[in-house]
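Worksheet: the structure to be examined is printed underneath.
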């Protein structure tokens, strides 16, 4: 037998470890801007930072030998604003058309909202599905002929996104659901933009030098006029882009324009407040440093390094260098740079990246700026923020759809628990609720009524006068719908439905011996309505929080129909029946009801 040496076997068992991660010291640094400036010109418009982190588009600015400035490469056919087309699908394909909405909760995916529409395209039947998750919205159009059977809602959701794992979806029954859904879908669409404009002079290589420029050269003024209109900030009515239009704390003027129904405000470094003695010019950096995309204007050939400006928000720069300024043959060289995690955005720069001043360059530049901002939203920092925002908005949408759909079926509120015996009270409550149902419903809907005290006058003739009562003010939580529309305090009661029929009004003279405290209102001539009596308890403070206010149902005094108006006056013990009921609807938050009854014996 052959036994290999121990060392050979150890060598066979060894594995190659992956190389260690590189640090800044391991990278071959790019040349610094000062090294480049020490070389022979022309210099590039943009230099990458020494340790990278950015990409560059448009590095060739040498015109060809046969190039004619009047015949620049046509890029108009490639200019297209990049928008979130999925965000507009619901408005275009669902809203105003017959469709169905559903909602559910997935343990892994979170809140789900599904829209489904049956449609016929050509002669073929299709299902158009739109599924919203916390990460994105999934859209698909599926021919029904490709399915073995018509799918249920869960199967529909799986067709558009296989990872859905729920047992059921719930239908949306709220009539205004489409407004809520389209608002959620289009929250990512913006028609307002703000971009920084930074002026770089020859030889300037630091942030302090860039923000310290206070004078505008004719070439820079010409470029600003090309970008837009100079406006006075005071009382400006358009999109202000975070600038002060009241007190003038961000300067007196700026540059503003519109582009394809979008408003654009430029934060021009030289027009923002300049503070003597402040080397960093924080007032200027506060606005430009909070922009996502900025234009850097170079009057002369000096490279720009993206990390010159320290900012957590600035992710992309469009660098423009002018040639033949203030002449009839003005041209602009363009380069674009963005952080590594920002995806490429169009329109693509031509080769060479030189434009003649005019409408075509303006279309290209503004399209590039807007697309740059949308692309920056996909960078890691902004993507996480957008995910949190979308998740919170989707949760709000889910809750609104659920609460309002339950309310449409009468299943959503504590009022229903009280009406169905959930508040306790035993047999008395079950017996009494049939009589008080209409009143409790109206009071639940009204909340705390704005009732004026009743003025009741008594006389030996038995006449009763009462001041007019103002209807109660409905207390409805903003953004929440009531469980159902309920009758007001003076609407007819559903007497026949609860077993009250033909209650006749009886006018009886009151004896002088009856105390003033026992004055009361008679029932109205309408058999299905009761007069209300103010107990004076509405002003009592609630023991709960200031937001929970007690609302007491008014006291109903029902007299026995035995006797007539000509009957002699009777004493307190003669058998008059008083039923006093105080119903505290505000205590629904604590599932408590207070009932007080006083029922003297009725002589037979």
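Looking at residue 168, is it part of a strand (DSSP E or B) and either loosely packed, with under 14 Cβ neighbours inside 10 Å or over 18 Å from the mean Cα position of the chain (by Cα) (or both)? When the stated conditions are applied, residue 168 does not pass them. Evaluating residue 340 against the criteria (1) closer than 26 Å to residue 210 by Cα; (2) buried (at least 20 other Cβ atoms within 10 Å of the Cβ) leaves one unmet condition, (2). Just to be sure before I move on: is residue 305 in contact with a strand residue (DSSP E or B) (Cβ under 7 Å, 6 or more places away or on another chain) and crowded, with 19+ Cβ neighbours inside 10 Å in the structure I sent? Taking the combined requirement at face value, the residue does not satisfy it. In the set (1) assigned to a loop (DSSP other than H, G, I, E, B); (2) modelled with pLDDT under 90, residue 77 fails one condition alone, (1). Any residue that is in contact with a strand residue (DSSP E or B) (Cβ under 9 Å, 6 or more places away or on another chain), crowded, with 16+ Cβ neighbours inside 10 Å and modelled with pLDDT under 85 - is there at least one of those in segment 423-433? No, that holds for no residue.
Evaluate segment 191-214: report whether one residue or more is part of a loop (DSSP other than H, G, I, E, B) and under 25 Å from residue 95 (Cβ atoms). Don't jump to the end; show me each part of the working.
Taking segment 191-214 first, the residues part of a loop (DSSP other than H, G, I, E, B) are 191, 201-206, 212-214.
Narrowing further to those that are under 25 Å from residue 95 (Cβ atoms): 191.
Among the residues of segment 191-214, at least one is part of a loop (DSSP other than H, G, I, E, B) and under 25 Å from residue 95 (Cβ atoms), which makes the answer yes.
Just one of the numbered conditions (1) under 30 Å from residue 316 (Cα atoms); (2) modelled with pLDDT of 95 or more; (3) out of contact with any helix residue (DSSP H, G or I) (no Cβ under 7 Å at 6 or more places or on another chain) is not true of residue 353: (2). Residue 114: buried (at least 19 other Cβ atoms within 10 Å of the Cβ), touching a strand residue (DSSP E or B) at 6+ places or on another chain (Cβ under 8 Å) and free of Cβ contacts under 8 Å to residues at least 40 places away in the same chain, yes or no? Answer is no for this residue.
Residue count for segment 195-208, restricted to those that are closer than 26 Å to residue 330 by Cα and surrounded by 13 or more Cβ atoms within 10 Å (Cβ to Cβ): 9. The one condition from (1) surrounded by 18 or more Cβ atoms within 10 Å (Cβ to Cβ); (2) in contact (Cβ under 8 Å) with a residue 40 or more places away in the chain; (3) out of contact with any helix residue (DSSP H, G or I) (no Cβ under 9 Å at 6 or more places or on another chain) that residue 191 does not meet is (1). Can you name the residue in segment 118-138 that is free of Cβ contacts under 8 Å to residues at least 60 places away in the same chain and buried (at least 17 other Cβ atoms within 10 Å of the Cβ) and, of all such residues, is nearest to residue 91 (Cα to Cα)? Looking at residues that are free of Cβ contacts under 8 Å to residues at least 60 places away in the same chain and buried (at least 17 other Cβ atoms within 10 Å of the Cβ), I get 130. Within segment 219-227, not a single residue is in a loop (DSSP other than H, G, I, E, B) and in the same structural domain as residue 358 (by TED's automatic domain parsing).
Working only within segment 228-241, note down all residues that are touching a residue at least 12 places away in the same chain (Cβ under 8 Å) and in a loop (DSSP other than H, G, I, E, B).
Listed by number, the residues that qualify are 228, 233, 234, 236, 238, 239, 240, 241.
Give the residue, chosen from 267, 315, that is within 15 Å of residue 46 (Cα to Cα) and surrounded by 22 or more Cβ atoms within 10 Å (Cβ to Cβ). Quick ask: steps written out before the conclusion?
Details: 267 fails: within 15 Å of residue 46 (Cα to Cα).
On inspection, the qualifying residue turns out to be 315.
Do we have any residue at all in segment 270-279 that's in contact (Cβ under 8 Å) with a residue 24 or more places away in the chain, under 28 Å from residue 371 (Cβ atoms) and either in contact with a helix residue (DSSP H, G or I) (Cβ under 6 Å, 6 or more places away or on another chain) or surrounded by 15 or more Cβ atoms within 10 Å (Cβ to Cβ) (or both)? Yes, because at least one residue in segment 270-279 is in contact (Cβ under 8 Å) with a residue 24 or more places away in the chain, under 28 Å from residue 371 (Cβ atoms) and either in contact with a helix residue (DSSP H, G or I) (Cβ under 6 Å, 6 or more places away or on another chain) or surrounded by 15 or more Cβ atoms within 10 Å (Cβ to Cβ) (or both).
The values are calculated or read from the model by the stated rules, or taken from the named source; none is laboratory data. Values in this document were obtained by computation on a predicted structure and should not be read as measured data. All Cβ positions, even for glycine, are placed from backbone atoms using ideal geometry, and neighbour counts span all protein chains on display.
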